[in-house]
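**Student:** Quick one: the structure is below, and I'll ask about it shortly.
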Amino acid sequence: MPPDPQKPHEPLRVRRGLDRPVREVREPTDAKGAAWKVRASGRPTFFIDRALATAIVRQAEQGSRAGHEVLGLLVGDRLRAPGGATFSVALDRVTAPLQASAGHVRFDSDKFNELARALALLGFDYILVGWYHSHLGVGCFMSSTDCTTHARYFSQPHQFALVVDTLRGEAGAFQLRDGKGLDVPFALFENGQSGNPEYRLPR
């Protein structure tokens, strides 16, 4: 989880996209279900760049081998498809030194400036579309702590939580409904390829 909810830090609350007009652009055309065993079905409103998904899996696998969970922020954009349906694209991730165990993870508050620096170095005009963390062999779900974190920092409709369990080959995307984590459908795509738009906006 991010730092103590009783001590909010500004980098988690900036660039949430609430003051930015929503661009109209088509949804990814080559979006496919992830290679993971995903429970939720239906039309996705959350799309993850395939290269980003690969990077998250590698980070989670490294964490698993070391016996701890991993954590990061998802950055991308909130968009509207022609016809009015809104969707989010996750294009990159940002992480920083962690305090982590097999059942707990948070950013190291003593090195939180590294997270702010990583956000500042992103080479495109991003907004925060959610966060991700891993589980070690227990499956994908939102704990009560996860739900509290999500409600505090990622409460906007375009923000999602991605949970990955590489030991079980699973991943789940979640939003809160009545205080509980609800599985929502998501898909992977290749940004700027196979006829897809280039979703990154230069700064």
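Derivation of every value follows stated rules applied to the coordinates shown; laboratory data play no part. Computed from a predicted model, the values in this text were never measured in an experiment. A quick note on method: Cβ atoms are made from the backbone with ideal geometry, for glycine too, and the neighbour counts reach across all protein chains shown.
**Student:** Once you have a ≥ b ≥ c as the square roots of the Cα gyration tensor eigenvalues for region 77-203, tell me rounded if a/c is under 1.5, and otherwise prolate or oblate according to whether a/b is larger than b/c. All intermediate terms of the calculation are to be shown ahead of the outcome.
**Tutor:** Details: a/c = 1.66, a/b = 1.24, b/c = 1.34.
Oblate.
**Student:** Have a look at the DSSP beta bridges in the chain and tell me what percent are antiparallel, nearest 5.
**Tutor:** On the way: 28 of 43 bridges.
So the antiparallel bridges amount to about 65 percent of the total.
**Student:** For region 141-203, which GluC sites (Glu not before Pro) are in a loop by DSSP, counting at most 16 other Cβ atoms within 10 Å? Before the final figure, lay out the partial values.
**Tutor:** Working: sites: Glu170, Glu190, Glu198; in loops: Glu190, Glu198.
Counting only loop positions with at most 16 other Cβ atoms within 10 Å, the GluC sites (Glu not before Pro) in region 141-203 are Glu190, Glu198.
**Student:** With 10 angstrom as the radius, rank Val164, Val70 by how many other C-beta atoms surround their C-beta, starting from the fewest. Write down the numbers at each step before the final one.
**Tutor:** Values: Val164 27, Val70 23.
Listed from fewest to most nearby Cβ atoms, that is Val70, Val164.
**Student:** Another question, if that's okay. With a 10 Å Cβ neighbour count serving as the proxy for reagent exposure, in which order, fewest first, do Asp49, Asp178 appear? Numbers along the way, then the final one.
**Tutor:** Details: Asp49 24, Asp178 5.
In order of increasing Cβ crowding within 10 Å: Asp178, Asp49.
**Student:** When Arg177, Arg117 are ordered from fewest to most other Cβ atoms inside 10 Å of their Cβ, what list results?
**Tutor:** On the way: Arg177 9, Arg117 13.
Fewest to most other Cβ atoms nearby, the residues stand as Arg177, Arg117.
**Student:** Give me the percent relative contact order of the chain, please, defined on Cα pairs under 8 angstrom at least 6 residues apart.
**Tutor:** On the way: 435 pairs, mean separation 62.2, N = 203.
Result for the chain is 31 percent.
**Student:** If r is the Cβ-Cβ distance from Ala66 to Arg43 and R0 is 35 Å, what FRET efficiency results, to the nearest 0.05? Display every interim value, and only then the final one.
**Tutor:** Working: r = 37 Å, r/R0 = 1.06.
Computed FRET efficiency for Ala66 and Arg43 comes out at 0.40.
**Student:** Using amide H atoms built 1.01 Å from N in the peptide plane, name the residues 5+ places from Ser134, or on other chains, whose amide H lies under 5 Å from its own.
**Tutor:** Val70, Val164
**Student:** Quote to one decimal, in nm, the extra length available between Asp178 and Leu122 on full extension: 0.36 nm per residue of separation minus the C-alpha distance between them.
**Tutor:** Details: separation 56, 0.36 × 56 = 20.16 nm, distance 3.39 nm.
Contour length minus the Cα-Cα distance gives 16.8 nm.
**Student:** Follow-up. So what is the calculated 222 nm ellipticity per residue for the chain, using -39500 (n - 2.57) for each DSSP H run with n of 4 or more, over all residues, to the nearest 500 deg cm²/dmol?
**Tutor:** On the way: 3 runs with 36 residues, N = 203.
My calculation for the chain gives -5500 deg cm²/dmol from helical runs alone.
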